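Here is the structure we will look at, set down as structure tokens.
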Amino acid sequence: MNEKIRVGFALTGSFCTFDKAFAAAQGLVDSGFDVIPIMSFNAAGMDTRFGKAEDHIKRLEAMTGRQVIRTIADAEPIGPKRLLDVLVVAPCTANTAAKLALGITDTPVTMAVKSHVRNALPVVIAISTNDALSNAAKNIGLLQSMKNYYFVPYRQDNYSAKPNSIVADLSQTEAAVSAALQGRQLQPLVISPLGK
């Protein structure tokens, strides 16, 4: 049933959530979705304590059977050629969320979203940021009020040590995608926080 649904899966630089993001992408592949991988410049270019960039790229390409879209030029045709049915940004940093909210297009991921939404098709955001309930809150709120934007349900991930931090429950990515394809937000949007 899902074999013809084309899902863009875009990673931005919240490196600590990459393992869960990869698991979400694998879940979509396993369910029969055609997954097209996209990475921001930072996600595709930075080695961190969470792994090497080249290893992340190889992992995504092996999982999806497709080359990762890593340039603005390669992301631009997504809309004109109607390459996707839905686009997931997971993880989505506060930086990327701000750019999307304000219409800034300066990475492969922001170009992919801009190009995709020209067709009035759904974008699913899996937010992951330590300042979601402070400086980034206004941009998250803007995206939640914009047409064609949906969110993977999220929670405070450590309300004691990081009271402003929010992270999407990436295990709900497929459910959020299915809901977005029907034009609805998966509920509840805000879920119970994790402990200390």
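Miscellaneous remarks
- Karplus 3J(HN,Hα) series, Hz, for region 52-57 with 6.51 cos²θ - 1.76 cosθ + 1.60 (x for Gly, Pro): 8, 4, 5, 5, 5, 4
- Amide H to amide H distances under 5 Å link Phe151 with Ile125, Leu186, where only residues 5 or more positions off or on other chains count and H is placed in the peptide plane.
- The antiparallel fraction among DSSP beta bridges confined to region 6-155 stands at about 5%.
- Put simply, the amide H of Val88, placed in the peptide plane, has neighbours under 5 Å in Gly8, Phe9, Ala10, Val124, leaving out anything fewer than 5 places away on its chain.
- From phi via Karplus (6.51, -1.76, 1.60), per-residue ³J(HN,Hα) for region 161-176 in Hz, x at Gly/Pro: 8, 9, x, 9, 8, 10, 9, 5, 7, 5, 5, 9, 4, 4, 5, 5
- Pairwise label distance in nanometres, Arg66 with Lys4, each label 7 Å out on the Cα-Cβ vector: 1.7
- Of all accessible heavy-atom area on region 53-130, the percent that carbon and sulfur account for (1.4 Å): 48
- The three principal axes of the Cα atoms in region 114-187 give end-to-end lengths of 40, 24, 18 Å, sorted in falling order.
- Gaussian network model of the chain, Cα within-10 Å springs - most flexible of Ala168, Ala24, Ala73: Ala73
- Taking N as the residue count of region 48-196, its C-alpha radius of gyration divided by 2.2 N^0.38 Å amounts to 1.05.
- At a probe radius of 1.4 angstrom, the accessible area of region 20-71 per residue rounds to 52 square angstrom.
- Region 23-32 - phi-based ³J(HN,Hα) in whole Hz, Karplus 6.51/-1.76/1.60, Gly and Pro as x: 5, 5, 4, 5, x, 5, 4, 5, 7, x
- Legend: translational diffusion of region 1-108 by Stokes-Einstein, Rh = Kirkwood radius over C-alpha pairs, 25 °C, 0.890 mPa s; D = 175 µm²/s.
- The listed peptides 178-187, 125-134, ordered by packing as a protection proxy, come out as 125-134, 178-187 (highest mean of other Cβ atoms within 10 Å first).
- If the segment from Asp47 to Ala161 were pulled out straight at 0.36 nm per residue, it would be longer than the present Cα-Cα gap by 38.4 nm.
- Between the residues Leu87, Asn130, Ala120, the greatest Cα displacement towards the positive end of the dipole of region 79-196, with unit charges on the Cβ of Lys, Arg, Asp and Glu, is found for Ala120.
- Directionally averaged shadow of region 1-45, computed from the convex hull of its alpha-carbon atoms, nm²: 2.9
The values are calculated or read from the model by the stated rules, or taken from the named source; none is laboratory data. Just so it is clear, the model here is predicted, and its values are computed rather than measured. All Cβ positions, even for glycine, are placed from backbone atoms using ideal geometry, and neighbour counts span all protein chains on display. Side chains are part of the model used for accessible areas, which takes the heavy atoms of the whole protein and leaves out ligands, DNA and RNA. Shrake-Rupley method; radii C 1.70, N 1.55, O 1.52, S 1.80 Å.
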